[in-house]
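K.L.:
Here it is: the structure, laid out below.
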Amino acid sequence: MIEFNKNEFAPYYANYVEKGNTNLSIIDGLLQQYQVVTEFFKLIPSDKLNYRYSEGKWTVKDIILHLIDAERIFSYRALRIARNDKTELPGFEENDYVIEANASERSLSSLLEEYKMVRNSTVCLFKSFTIDQLGRLGVASGSSVSVRAIGVIIQGHEKHHLEIIKERYL
């Protein structure tokens, strides 16, 4: 079981850490969640993929691409921190990314293929980290975060969005 110290993530990420699978290793949690996420999205009816439950809200396709973009950014942060880069890492404006991503122009299969590639890359990256590197702390979005917390945040962030889809889209 993964247990964290208070300084390993900002309070903002507590919900994601709570939703992440801390009963498994980071690698096993990422691999298990890959299966859950891909099966979940494959079961969504095609007429719901571009559905918005309210004006200005994201579509399911937007959410899939948001998960891909966020995982890339989280993995980049993990890489920089694990390599002992002391540079403070900036946040990102997720809504701007969604506007520019053109997810509605993509097929579900292309989005899931990209998700698969990004997840495989994330798993390879986390497999390369030593115990010491996983415990390293850096600053991202103005707050302290550990490499290992990032691995769990990725999982919890996905679970958070799957719950929103179940509640508001289906």
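The values are calculated or read from the model by the stated rules, or taken from the named source; none is laboratory data. On a predicted model such as this, the values are computed, not experimentally measured, just so you know. Quick reminder, even Gly has a Cβ in these numbers, built from the backbone with ideal geometry, and neighbours come from all protein chains shown.
K.L.:
Could you run through the stretch 124-166 and say how many residues are in a helix (DSSP H, G or I), under 15 Å from Ser75 (Cβ atoms) and not small (Gly, Ala, Ser)?
P.N.:
So the answer is 15.
K.L.:
Please go through the stretch 23-37 and pick out each residue that is in a helix (DSSP H, G or I) and either within 20 Å of Ile165 (Cβ to Cβ) or small (Gly, Ala, Ser) (or both).
P.N.:
Gly29, Leu30, Gln32, Gln33, Tyr34, Gln35, Val36, Val37 - these are the residues of the stretch 23-37 that are in a helix (DSSP H, G or I) and either within 20 Å of Ile165 (Cβ to Cβ) or small (Gly, Ala, Ser) (or both).
K.L.:
Another question, then. Which residue is nearest to the chain's Cα centre (by Cα), if the candidates are limited to the stretch 1-13 and must be assigned to a helix (DSSP H, G or I) and within 17 Å of Gly91 (Cβ to Cβ)?
P.N.:
Narrowing the stretch 1-13 to residues assigned to a helix (DSSP H, G or I): 6-8, 11-13.
From what is left, the residues that are within 17 Å of Gly91 (Cβ to Cβ) are 11-13.
On the way: Pro11: 17, Tyr12: 14, Tyr13: 12 Å.
Looking at the filtered set, the residue picked out is Tyr13.
K.L.:
Quick test of your reading of the structure: Phe92 fulfils all but one of (1) more than 19 Å from the chain's Cα centre (by Cα); (2) under 19 Å from Gln155 (Cα atoms). Name the failing condition by number.
P.N.:
All conditions pass for Phe92, except number (1).
K.L.:
Next question, about the same structure. Looking only at residues that are among the aliphatic types (A, V, I, L, M) and within 16 Å of Val37 (Cα to Cα) in the stretch 129-170, which one is surrounded by the fewest Cβ atoms within 10 Å (Cβ to Cβ)?
P.N.:
Going residue by residue through the stretch 129-170, those that are among the aliphatic types (A, V, I, L, M) are 131, 134, 137, 139-140, 145, 147, 149-150, 152-154, 162, 164-165, 170.
The next check asks that each one be within 16 Å of Val37 (Cα to Cα); those that pass are 152-154, 162, 164-165, 170.
Values: Val152: 26, Ile153: 28, Ile154: 26, Leu162: 18, Ile164: 14, Ile165: 19, Leu170: 12.
It comes out as Leu170.
So that you can scan it fast, the table gives a plain yes or no per residue for (1) in contact (Cβ under 8 Å) with a residue 12 or more places away in the chain; (2) aliphatic (A, V, I, L, M); (3) more than 14 Å from Arg83 (Cβ to Cβ); (4) touching a Ser or Thr at 6+ places or on another chain (Cβ under 9 Å):
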{"position": "Gly135", "(1), (2), (3), (4)": "yes, no, no, yes"}
{"position": "Val145", "(1), (2), (3), (4)": "yes, yes, yes, no"}
{"position": "His157", "(1), (2), (3), (4)": "yes, no, yes, no"}
{"position": "His160", "(1), (2), (3), (4)": "yes, no, yes, no"}
{"position": "Arg168", "(1), (2), (3), (4)": "yes, no, yes, yes"}
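K.L.:
Okay, moving on. List, please: which pairs have Cβ atoms under 7 Å, are six or more places apart or on different chains, and start with a residue in the stretch 7-27 that is in contact (Cβ under 8 Å) with a residue 40 or more places away in the chain and end with one that is assigned to a loop (DSSP other than H, G, I, E, B)?
P.N.:
Once the first residue is in contact (Cβ under 8 Å) with a residue 40 or more places away in the chain and sits in the stretch 7-27, its partners that are assigned to a loop (DSSP other than H, G, I, E, B) give Val17/Phe4; Val17/Phe9; Thr22/Met1; Thr22/Ile2.
K.L.:
Oh, and also: Scan the stretch 67-81 and tell me whether some residue there is surrounded by fewer than 21 Cβ atoms within 10 Å (Cβ to Cβ), without any contact (Cβ under 8 Å) to a residue 24 or more places away in the chain and not in a helix (DSSP H, G or I).
P.N.:
Within the stretch 67-81, not a single residue is surrounded by fewer than 21 Cβ atoms within 10 Å (Cβ to Cβ), without any contact (Cβ under 8 Å) to a residue 24 or more places away in the chain and not in a helix (DSSP H, G or I).
Conditions (1) at pLDDT 95 or above; (2) on the phi > 0 side of the Ramachandran plot; (3) surrounded by 13 or more Cβ atoms within 10 Å (Cβ to Cβ); (4) not in a helix (DSSP H, G or I), marked per residue:
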| residue | (1), (2), (3), (4) |
| --- | --- |
| Asn21 | no, no, yes, yes |
| Phe40 | yes, no, yes, no |
| Trp58 | yes, no, yes, yes |
| Leu65 | yes, no, yes, no |
